[in-house]
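K.L.:
Encoded as structure tokens, here's the structure I'll be asking about.
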Amino acid sequence: MLVDSHCHLDFPEFAAELPQVVARARAAGVGVCVSIGTRLSQFDGVAAVAARFAHVYCSVGIHPHEAEKEPLANAAPLIERARDAKVVGIGETGLDYYYEHSPRERQIANFRAHIAASRELALPLIVHTRDAEEDTIEILRDEMGRGAFTGLIHCFTGTARLAEAALALGFCISVSGIATFKKSGALRDVLQHVPLDRLLVETDAPYLAPMPLRGKRNEPAFVVHTAAMLAELKGISLDELSEATTDNFFRLFTRAARPA
């Protein structure tokens, strides 16, 4: 079994055929999906998708792009929504200095509020970071000094420095279809050195379809292609890679139930 640890099943790209998308995932051996929250104002839709399917879970969070529109004074709004039994993680949150759709100081404030919720609820933090490695590392280290929490770097595209810092904090690294792209050799070099017991796989669907499906609308079933690439990179079978990443997922996302 594989787990798609990060997708967006509430997005409009899936509205017309959501049951078929979930069915195709299961047929491909993807037993669990996590549909990720990006705005509190749209959380009800995220939660509704998770409630509709037995092995679809969700998270609650505000993407850094939305930080200016949905500022957090504290962790309370996240904690309130995380009472939903299908919520298994906090985020996605973090820093995006590539697009800077929100001011950096607002992104940072929201990031810290998410970390506080993660720490209080003992739910993993789902971190988005782009062109913001130094601030991401600094904030994670600072906050870890205030009290432990768990998490992962989602859709990892960073440097060896970011990977090493995240691993030192006890975080996992989640690999998306980007790692299958022909021009991602440097990224694959970094991933080759990430321990097998710290790896997860994801789609970030409907975005970032892996090779050989690049350019198509992504969906959870396609995580198989990313897993196959990662297995080859690690020199192990796809079954071994699937077992390891699935075990890693359930060890991190403790609220999620492993299908029988």
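The values are calculated or read from the model by the stated rules, or taken from the named source; none is laboratory data. Small disclaimer: the values here were computed from a predicted structure and weren't measured. Methodologically, a virtual Cβ is constructed for each residue, glycine included, from the backbone with ideal geometry; neighbour enumeration extends over all protein chains shown. Keep in mind that these areas ignore ligands, DNA and RNA; they rest on the heavy atoms of the full protein, side chains included. Shrake-Rupley method; radii C 1.70, N 1.55, O 1.52, S 1.80 Å.
K.L.:
Taking K and R as +1 and D and E as -1, what net charge do the other residues with C-beta under 15 Å from the C-beta of R141 add up to?
P.N.:
Within the 15 Å Cβ shell, the charges total -3.
K.L.:
Let me ask something additional. Roughly how many nanometres apart are two label points built 7 Å out from the Cα toward the Cβ at E120 and A23?
P.N.:
The modelled label-to-label distance comes out at 4.2 nm.
K.L.:
Rank by packing, highest mean first: peptides 199-205, 253-259, with packing defined as the count of other Cβ atoms within 10 Å averaged across residues.
P.N.:
Output ranking for 199-205, 253-259: 199-205, 253-259.
K.L.:
Where Lys and Arg each count +1 and Asp and Glu each count -1, what net charge lies around P71 among other residues with Cβ under 14 Å from its Cβ?
P.N.:
+1
K.L.:
Put a dot 7 Å past each Cα toward the Cβ at A186 and S41; how far apart are the dots in nm?
P.N.:
3.7
K.L.:
How many angstrom separate the Cα center of region 167-205 from the Cα center of region 92-161?
P.N.:
Here the two parts' Cα centres lie 17 Å apart.
K.L.:
What does the charge add up to near A205, with Lys and Arg as +1, Asp and Glu as -1, over the other residues with Cβ less than 12 Å from its Cβ?
P.N.:
-3
K.L.:
Within the chain, what whole-number % of the accessible surface is contributed by carbon and sulfur, with the 1.4 Å probe and all protein chains included in the calculation?
P.N.:
51
K.L.:
At a Förster radius of 25 Å, what calculated FRET efficiency corresponds to the Cβ-Cβ distance of E68 and H193, to the nearest 0.05?
P.N.:
0.10
K.L.:
If you count only protein heavy atoms with a 1.4 Å probe, what accessible area per residue comes out for the chain, rounded to a whole Å²?
P.N.:
So the chain comes to 41 Å² accessible per residue, rounded to a whole number.
K.L.:
How large is the helix-only mean residue ellipticity at 222 nm for the chain, computed as the sum of -39500 (n - 2.57) over DSSP H runs with n ≥ 4, divided by its residue count, in deg cm²/dmol to the nearest 500?
P.N.:
That calculation yields -11500 deg cm²/dmol at 222 nm.
K.L.:
Straight-line reach only, C-alpha to C-alpha below 21 angstrom: list the lysines that K234 could link to, leaving out same-chain residues fewer than 8 apart.
P.N.:
By straight Cα distance, K234 reaches K182, K183.
K.L.:
If packing is taken as the average number of other Cβ atoms within 10 Å across a peptide's residues, how do 166-179, 132-145 rank, most packed first?
P.N.:
166-179, 132-145
K.L.:
Suppose we take every Cα in region 109-260 and form the convex hull; what volume per residue is that in Å³?
P.N.:
Here the figure is 116 Å³ per residue.
K.L.:
Figure the gain on full extension for R217 and A257 (residue separation times 0.36 nm, minus the Cα-Cα span) and round it to one decimal in nm.
P.N.:
11.6 nm
K.L.:
Sort the following peptides by mean Cβ neighbour count (other Cβ atoms within 10 Å, averaged over residues), highest first: 83-91, 211-219, 42-50.
P.N.:
Ranking the peptides 83-91, 211-219, 42-50 by packing returns 83-91, 42-50, 211-219.
K.L.:
Go through (1) 17.9; (2) 19.2; (3) 18.5 and flag the label whose value is the computed Kirkwood radius over Cα pairs in Å for this structure.
P.N.:
Label (1) holds the value from this structure.
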